[in-house]
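The values are calculated or read from the model by the stated rules, or taken from the named source; none is laboratory data. Quantities reported herein were computed from a predicted structural model and do not represent experimental measurements. Ideal geometry is used to build each Cβ from the backbone, glycine not excepted, and the neighbour counts take in all protein chains shown.
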Amino acid sequence: MAYLTASVVLLGVLGLLNLTLTFGVVRRLRERPADATGGEMSAPALVAGPGAHIGTFSAVDTEGDVVDQDLLDDGLMVLFMSPGCPACEDLLPLVAERAGEYDRDRVLAVVTRDEEKEALLGEYLTRLSPVARVVVTEFGDEVTQAFALKGMPAYVEVGTDGRVAGSGRTLPRRADRAGAAR
């Protein structure tokens, strides 16, 4: 009986210690600074940050039209996705939904090729083409270099003078963006 009592007391103490440590971790996570994209915890920048100048580039979209830095003006959203990226695959429905909240001409989707995942490219084109102009390119080409792309998924909101007004991992809702501008 003494062993049973000691075991129950030991398990109770371990449970309280675990609970205390969990509350400590939660408190520390809440104290971490939020980023400018809507309160998410800071993560390494995957693309040029606010205020950065976007470099020169030229590409052809899936409809045969030329896309270059001259098209970048206030309010244009540029999305970067890759069929070989697990996070991109998870976020594709959300990104397509949120891109649909913007005017199609105000959204540019850059989809990078992955030869191993070429079969998935069609799904990206099908989902993004109705809501955005789509450019299919290689990672590391002049389009991705112009935006200092380091990873995906990512988005860039282009402001005046071809500078980055905002950037992050997922496209914000249009209402969130309008509320932040006030």
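Listed values, structure above:
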item: Elements of type helices (runs of 4 or more DSSP H) contained in the range 51-150, each with 1 or more residues being small (Gly, Ala, Ser) and without any contact (Cβ under 8 Å) to a residue 24 or more places away in the chain; result: 121-128
item: Unique match (being surrounded by 10 or more Cβ atoms within 10 Å (Cβ to Cβ) and modelled with pLDDT of 80 or more) among Ala48, Ala43, Ala2, Ala34; result: Ala48
